[in-house]
Every structure is written in structure tokens, then in C-alpha cells.
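Structure first, commentary second.
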Amino acid sequence: MTPAIAVERLSKVFGGLRAVDDVTLAVAPGERRVLIGPNGAGKTTLFHCIAGTLQPSGGRVVLFGADISGLPENRRTARGMGRTFQISNVCVDLTVMENLQLAMLGNDARKWTMHRPMSGFTGLRERGEIALARVGLRDRADETVKFLSYGERRQLELALSLASDPKVLLLDEPCAGLSPSERQRLFQLVKQLSRDITLIMIEHDIDIALALADRVTVLHRGKVILDGTPDEVRTNPEVREVYFGRV
Ligand SMILES: Nc1ncnc2c1ncn2[C@@H]1O[C@H](COP(=O)(O)OP(=O)(O)OP(=O)(O)O)[C@@H](O)[C@H]1O
Ligand SMILES: [Mg+2]
């Protein structure tokens, strides 16, 4: 079967540092892949190269069989590649719904109709409500973003990244910095995402990582040291040494 996303011999060099070093991986449609590895392993850099934020030094990125290595980030988004929307791009003085509607319009061909009020787009509110319900924020729709809790902002980030209807979604530590209960909530939301979305997620919390993943890719110093099932990760001596600091 054609992988949803394939990374072939990808490298990213910063000066003398090989942050990503000859990485090859393939993620099947509908799969949930979690990337783990110590700080500085190259996980985020790999994501940037997949999403098109960074140009790799070598190698290819293939989306559903099509080489997208040469495409800029927005063209990758248009082809179904989604990623966590950084909350810094959100207008904190607008409401949850307004931010979401802006994100949805960003992917709508009709956005080029200038000077048209947002209310003029049919179905936008309804679509927004469905999207917010998916991330547990429906009753916060009209709250101004600056009054959201940290956990709720993460839920909004997830809704924004889903607004483009991605086929492949890249999530970089969505649970980082959250309290245990917020973390659990976000984990459940991610877990409930449709299997129509192929998910690749970076996660430091090993319990969350292994509970969510169909397969896990372990990176260390830019290289893949294991690509396997959660059970294989739990029992692999090299991973235990590198990742857990013990055998
Ligand atoms: N723009 C950059 N310029 C130079 N070096 C960089 C740049 N971005 C990342 N690096 C370096 O590349 C290496 C990999 O960084 P990266 O952020 O990809 O790691 P990571 O696995 O995401 O780590 P963490 O778990 O801490 O988020 C690190 O040594 C980092 O300092
Ligand atoms: Mg990182």
C-alpha cells in the first residue's frame, strides 16, 4: 500500500551538526505514529522538513506517492498536510470562534472575495461549531482567546490544525506544559480523532506515546534507532539505555 507519508534518506545539517541524519520512514494511511527521543534528537527539525518549514539538506518527502520535497509549506497544506497551529499566530483579542473561522476561511477559495463580512459565508458558524465540538470547546466558542486556560488554548490549536481538513497531521508535543488532567484530556481528544487522519506526533511522555501509537519511531542524534511497535520499544535494550537512561 502507498504510505500516507514517506521520508526517504532525509538529512538536515546546521553548520557542522547533522540534526537529522539519513532518516527513512513510512507511515501507513490511518496509522498513528509517535516519534520519541531525547532532547536535541532532531524530532522537531524532522517535522519542519516534512511540513516544508525547513528545506532539508538531502532526501525526499513523499505524500501519498507524490514527491512534495520541492513544494513550499502552503502548497503542502493544500495537499493535505496539517500541523499544530502555533498559538502565537492566534489573535488573542478575538473569540475562539472568530479565530477558527479565520483559519477555515484561509483554506476556502472564496477568501479572495474581498470586503465580504464573515457572516456572509454560509455554514461557517455551523462548521465552526462542529469543529469546536470535536475538541471539546463548543461551549467556549464566544470566549475571547486571552481568557482561555492553557489547556483550552491547546484544544483550540488542535481545532485550528484540523480546520484545513488534513489527511496527515503533525503534532509536536501537544501535551507539553499541561497539568496532568489537561494532558489526559488532550490525549483523549487526539485519540478520538478520525482514522481518516494519519497522525504523526512527537511526545515526551512515554506513557502517552506508547498508549497512542500503532508504531513508534525512536530518534537519537538525528538517526532512527528503532522503528517498531510499542511493545518492541518497551523491551528494546538500546532504546531503554538511550531514552530511559537505563537498561
Ligand atoms: N535553526 C537551527 N539552527 C541551528 N541548530 C539547530 C536549529 N534548530 C535545531 N537545531 C539543533 O538541531 C538539533 C535537533 O534539534 P530539534 O529541535 O530538532 O530536537 P528535538 O528532538 O525536537 O528536541 P526537543 O525534545 O528538545 O524538542 C539540536 O542540537 C538543536 O540545537
Ligand atoms: Mg522538539
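The values are calculated or read from the model by the stated rules, or taken from the named source; none is laboratory data. No experiment lies behind these values; they were computed from the predicted model shown. A quick note on method: Cβ atoms are made from the backbone with ideal geometry, for glycine too, and the neighbour counts reach across all protein chains shown. In case anyone asks, the SASA skips ligands and DNA or RNA and just uses the protein heavy atoms, side chains included. Shrake-Rupley method; radii C 1.70, N 1.55, O 1.52, S 1.80 Å.
Only Lys, Arg, Asp and Glu carry charge here, each on its Cβ (+1 for the first two, -1 for the last two); on that basis the chain has a dipole of about 380 debye about its Cα centre. Where Lys and Arg each count +1 and Asp and Glu each count -1, what net charge lies around residue 97 among other residues with Cβ under 12 Å from its Cβ? That sum, taken over residues with Cβ under 12 Å, equals -2.
Note on the chain: helix-only mean residue ellipticity at 222 nm, from DSSP H runs of 4+ residues weighted -39500 (n - 2.57) and normalised by residue number, equals -9500 deg cm²/dmol. If the elastic network links every pair of Cα atoms under 10 Å, which of 143, 157, 126 fluctuates the most in the Gaussian network model of the chain? Between 143, 157, 126, it is 126 that shows the largest mean-square fluctuation.
Would you mind calculating the relative contact order of the chain from Cα pairs under 8 angstrom and at least 6 residues apart, reporting the percent as a whole number? Please report the intermediate quantities before stating the final value.
Values: 448 pairs, mean separation 68.1, N = 247.
Here the relative contact order equals 28 percent.
Using the average count of surrounding beta-carbon atoms within 10 Å as a protection proxy, the listed peptides 217-224, 185-192 rank, highest first, as 217-224, 185-192. With the dipole of the chain worked out from charges on the C-beta (+1 for Lys and Arg, -1 for Asp and Glu) around the Cα centre, which of 2, 42, 136 lies farthest toward the positive end? Of the candidates, 2 comes out farthest on the positive side.
Sorted by mean Cβ packing within 10 Å, highest first, what order do the peptides 15-28, 60-73 take? Before the final figure, lay out the partial values.
Details: 15-28: 16.9, 60-73: 15.4.
Highest-to-lowest ranking by the protection proxy: 15-28, 60-73.
Residue 165 contributes an accessible area of around 120 Å² to the protein surface, as traced by a 1.4 Å probe with all chains present. Comparing Cα centroids, segment 36-81 and segment 163-177 end up 14 angstrom apart.
Pairs on different chains or at least eight residues apart, Cα atoms closer than 20 Å: how many lysine pairs in the chain fit?
Value for the chain: 4.
Placing unit charges on the Cβ atoms of the charged side chains and taking the dipole of the chain about its Cα centre, the candidate lying farthest along the positive direction among 11, 103, 66 is 66. Here the label points at residue 146 and residue 8, each 7 Å from Cα along the C-beta direction, are separated by 5.0 nm in the simple model.
Using +1 on the beta carbon of Lys and Arg, -1 on that of Asp and Glu, and nothing else charged, what's the dipole of segment 1-101 about the Cα centre, debye to 20? Numbers along the way, then the final one.
Details: 11 positive and 8 negative charges, 45 e Å.
I would put it at about 220 debye.
A 1.4 Å probe, protein heavy atoms only, puts the accessible area of residue 81 near 10 Å². Taken over the C-alpha atoms, the chain has Rg and Dmax values of 18.5, 62 angstrom. Amide hydrogen proximity for residue 58: with H placed 1.01 Å from N in the peptide plane, the residues at 5 or more positions away or on another chain lying under 5 Å are 11. Estimated at 0.36 nm per residue, the fully extended path between residue 94 and residue 130 surpasses their Cα-Cα distance by 11.1 nm.
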